[in-house]
Amino acid sequence: MNYFDLNLRQLQTFVMVAKLGSFTRAAQLLHLSQPALTKQVRQLEETLGVRLFDRNTRRVELTHIGKELSPVISQLLQEIEAVVVNTKELAAQSRGVIRIAALPSVSSTLLPTAIAQFKERYPGISVILKDVIAQRLVTLVKTEEVDFGIGSLNVTDPEVRFSLLLTDRMIVVFLPGSTLGQKKTIGLRDLAGLPLVLMDPGSSVRKLVDEAFESIGQIAKPAFEATYMSTAAGMVKAGLGVAILPASTFEMGELTGLHTRPLKHPALTREIGVIEKSGRSLSPAADSFLQMLRAVCKEKTR
């Protein structure tokens, strides 16, 4: 017996006849000829190897097995219909969930604007945002705990693909009145002897800073370390040191009252882009969100 010979039309026909107790009325509602409907029922009975209806010229009744199967098949058809409706809603982007992992600097600047615009256009879709450091971000993408990530990819990884959104440069953040404010641009050697507030060693920003210092024969020695940009900014405000942060951080409210200068070094820029798992396609909702995010990035970098 090949159960794959079953089809939805046969199951729908069985349920309709069982409900109405009439082949004639069922054929009318299903827009089938009575011979065609009878054939569907007969094929279903042959596939299952049982008789589903006792019928004569006056009435149609379910057999004992037919009575057992009727509610089961009715429930099955309802669940299939729900799956179809659900899939159509997801495709139409009338509802759904998008899960994103992003660097803290991106989560606090670019993404809120993009999410607000997206929610206005697609109110039925929820957006879950996880702000994480670079190492954790790639892991979340690989394990498919998120649909995609927004951040930097420091090494080539065949398990993910990267598409550029924007290029971000590093700046020095300091208190008003600092001698650094007398310079138009600042070099790494200008920071010698100053207490540095640097990002966590696992962050993409810290990797750039460490490599830049190494290129001039020095080691970046932090006085303080922070995981989040807002924490680093708070340390600067408290007079604990000067911070090296991405220029995109300048949009954060935490930098209000602080001064900044470009940090001059060819390696102190990072590429921010979309990180996706190789060989996996995005849902229509996630794809639409990325299109909107690209538009926001384009507008901000004009």
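Annotations for the structure displayed:
- When A243 is tested against (1) farther than 14 Å from I171 by Cα; (2) not in a helix (DSSP H, G or I), only condition (1) is not met.
- Complete set of residues in segment 259-296 that are closer than 18 Å to V209 by Cβ and surrounded by 18 or more Cβ atoms within 10 Å (Cβ to Cβ): T260, R261, L263, H265, L268, R270, I272
- Residues (assigned to a strand (DSSP E or B) and surrounded by 14 or more Cβ atoms within 10 Å (Cβ to Cβ)) located in segment 143-166: F148, G149, I150, G151, V160, R161, F162, L165, L166
- Among the candidates L188, L282, residue that is touching an Asp or Glu at 6+ places or on another chain (Cβ under 9 Å), in contact (Cβ under 8 Å) with a residue 60 or more places away in the chain and of a type outside the set (V, I, T): L282
- So M235, is it touching a strand residue (DSSP E or B) at 6+ places or on another chain (Cβ under 6 Å), among the hydrophobic types (A, V, I, L, M, F, W, C) and surrounded by 15 or more Cβ atoms within 10 Å (Cβ to Cβ): yes
- Residue ID - surrounded by the most Cβ atoms within 10 Å (Cβ to Cβ), chosen from residues in segment 213-228 that are charged (D, E, K, R) and touching a residue at least 24 places away in the same chain (Cβ under 8 Å): E225
- Reported count of residues in segment 256-271, each being in a loop (DSSP other than H, G, I, E, B) and not small (G, A, S), is 5.
- Out of L110, L103, L140, L129, sole residue that is surrounded by 13 or more Cβ atoms within 10 Å (Cβ to Cβ), at pLDDT 80 or above, assigned by TED's automatic domain parsing to the domain that holds Q291 and touching a Cys at 6+ places or on another chain (Cβ under 8 Å): L110
- Look at segment 103-127: where a residue is under 16 Å from S152 (Cα atoms) and a partner is small (G, A, S), sitting 6+ places away or on another chain with Cβ atoms under 6 Å, you get L103/G151; S105/S248; T109/S248; L111/A102.
- If you go through segment 167-199 and keep only what is basic (K, R) and either at pLDDT 95 or above or assigned to a loop (DSSP other than H, G, I, E, B) (or both), you end up with K183, K184.
- Residue under evaluation G49, criteria (1) surrounded by 12 or more Cβ atoms within 10 Å (Cβ to Cβ); (2) at pLDDT below 90; (3) not polar (S, T, N, Q), criterion not met: (1)
- Flag if R206 is in a helix (DSSP H, G or I) and either touching a strand residue (DSSP E or B) at 6+ places or on another chain (Cβ under 8 Å) or in the same structural domain as S105 (by TED's automatic domain parsing) (or both): yes
- Pairing residues of segment 159-172 that are over 17 Å from L110 (Cβ atoms) with residues that are of a type in the set (S, T, N, Q) and buried (at least 18 other Cβ atoms within 10 Å of the Cβ), at Cβ distances under 9 Å and at least 6 apart in sequence or on separate chains, gives V172/T260.
The values are calculated or read from the model by the stated rules, or taken from the named source; none is laboratory data. Small disclaimer: the values here were computed from a predicted structure and weren't measured. Please note: Cβ atoms are built from the backbone with ideal geometry, for glycine as well, and neighbour counts cover all protein chains shown.
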